[in-house]
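Asker: For reference, the structure I am asking about is given below.
Only the coordinates and a few stated rules stand behind these numbers; no lab work does. The model shown is predicted, which means the values in this text are computed figures rather than measured ones. Positions of Cβ are backbone-derived with ideal geometry, glycine not excepted, and every protein chain shown enters the neighbour counts.
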Amino acid sequence: METPNIHITPEILNIIASIDEFKGEWAGSNNLPQARMLAMKKAATIQAIGAACRTDGAAINNEEVHDLLARGTKELFDSHAQEEAWGYNSVLEQIFSLQSYASLSEELIKNLYVQLFSQYSINIGDKNDYKKSLNQFEAFNNKGESLGILFDGEKPEDVPSKVKSLLEWTHSELQKQALHPLLVISIFMLYFQAIQPFEHGNSKLSNLLVYYLLMKCGYSYMPYTSLELQFEENSKKYFFAIMRAQRTIHADNSMIGDWVLFFLYSLKLQKDNLIRKISEASKMQPLAPLAIEILDILKEHGQATISDICTLTDANRNTVKVRLRNMVGTKQLCKHGKGKGTRYTVCAGT
């Protein structure tokens, strides 16, 4: 595989500089309380799983993902979407918990794929090997509903050589450091999606491999903010950019710049989202862990009853009542209604 010709614009350079500046700040000073960090990671994980599954065709919302993870069991699933969500969480946890990151290999990718669909009850072919029939890249909306086929993947007989070539190129470019690692990773994702090496779930696997490469390259803040969320919230631009770029990767790569810019812009939005969360968290440092969790729940769901909060936090009802009363008193939360219908929201400015 030859290195695509990317026109490096001032906009691309500015975005990369912004991301790398935050990368350095994150590594140098991370003074948030552990409870707050865990809450941020939990919220980001739920967002990541939900968005990844929906953009790959699984109909599951974030509340269902939260409930699935809260159950803490993989014995019973109510839908194939839950099976996929559980598998995605399993691989995500593994990637983020690694102490070191080796170069990507076919063996590693196949192992992650097997783990991703370890609980999947539908026959998707041999999970230990590449696809045996032609497949396609399909676009989905935020409800997991199909928007149509964007392009065909590579022919099955070409997959092994294409994957091998892509991995060799990625390893070589990251070692040479002639091309910025974020540019290398953006190209890796585009080509992996173009190959569509497995029967099912290539988009989810692609996201996970991007996380692996980002963590390998020192972007250690990835567990605390979701990149998949940016892809989902900007899905039209995501699908359009990847479709246009894919059409030219075997020719002149004239459209690859649009994809690279979209990918980098998504990383910037991801980073900006984490900066906002950190800013909010700094104001909340004196709060108890339960109060932090309540605020996260209400910011994610908009409003909730005492019963909702008890279910989502697994906290004692009386403890929740006391905490809510204190938070209403300090104007962190607003109370609406009376009795069983009472609902709570986050006050403006909190």
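Asker: Only Lys, Arg, Asp and Glu count, each charged at its Cβ (+1, +1, -1, -1), so figure out the dipole size of region 10-283 about its Cα centre, rounded to 20 debye.
Answerer: The calculation lands at about 560 debye.
Asker: Using a 10 Å cut-off on Cβ atoms, rank the peptides 200-208, 156-164, 228-236 from the highest mean neighbour count down.
Answerer: Top to bottom by mean Cβ count within 10 Å: 200-208, 228-236, 156-164.
Asker: Which far-off residues, 5 or more places away or on another chain, put their amide H under 5 Å from the one on K131, with H placed in the peptide plane?
Answerer: The answer is F198, E199.
Asker: What ranking, highest mean first, results for peptides 267-273, 11-17, 315-321, 167-173 when packing means the other Cβ atoms within 10 Å averaged over each residue?
Answerer: So the order, starting with the most tightly packed, is 267-273, 167-173, 11-17, 315-321.
Asker: For S100 and R325, FRET efficiency with R0 = 35 Å and r from the beta-carbon atoms, rounded to 0.05?
Answerer: 0.15
Asker: How charged is the neighbourhood of C53? Take every other residue with its Cβ under 12 Å from the Cβ of C53, and add Lys/Arg as +1 and Asp/Glu as -1.
Answerer: -3
Asker: Oh, and also: Given K23/K164; K41/K143; K127/K204; K237/K268; K162/K268; K216/K271, which pairs have Cα atoms separated by over 20 Å?
Answerer: K23/K164; K41/K143; K162/K268
Asker: Where does the charge balance sit around K155 when Lys and Arg score +1, Asp and Glu -1, over other residues with C-beta under 13 Å from its C-beta?
Answerer: -1
Asker: Given R₀ = 56 Å, FRET efficiency for L134-R71 by Cβ-Cβ distance, to 0.05?
Answerer: Efficiency, rounded to the nearest 0.05: 0.90.
Asker: Find the centroid of the Cα atoms in region 256-282 and in region 1-62, then give the distance between the two in whole Å.
Answerer: Rounded to whole Å, the Cα centres lie 6 Å apart.
Asker: Just check region 2-98 against the gyration tensor rule for me: Cα atoms, a ≥ b ≥ c as the square roots of the eigenvalues, rounded for a/c under 1.5, and otherwise prolate or oblate depending on whether a/b exceeds b/c.
Answerer: Verdict is oblate for region 2-98.
Asker: Scan around A304 for amide H atoms under 5 Å from its own, H built in the peptide plane at 1.01 Å from N, and keep only partners 5 or more places away or cross-chain.
Answerer: Y344
Asker: Now, a different point. Would you work out which of Q303, G337, P289 lies farthest towards the positive end of the dipole of region 289-346, given +1 charges on the beta-carbon of Lys and Arg and -1 on that of Asp and Glu, about the Cα centre?
Answerer: The Cα lying farthest towards the positive end belongs to G337.
Asker: May I ask you to compute the full-extension gain from N61 to L147, defined as 0.36 nm times their residue separation minus their alpha-carbon distance, rounded to one decimal in nm?
Answerer: Net length gain for the segment: 29.1 nm.
Asker: Over region 289-346, calculate the relative contact order: mean separation of alpha carbon pairs under 8 Å at least 6 apart, over the residue count, as a percent.
Answerer: 40
Asker: What label, among [x] 132; [y] 144; [z] 173, belongs to volume of the Cα convex hull per residue in Å³ computed from the structure on display?
Answerer: [y]
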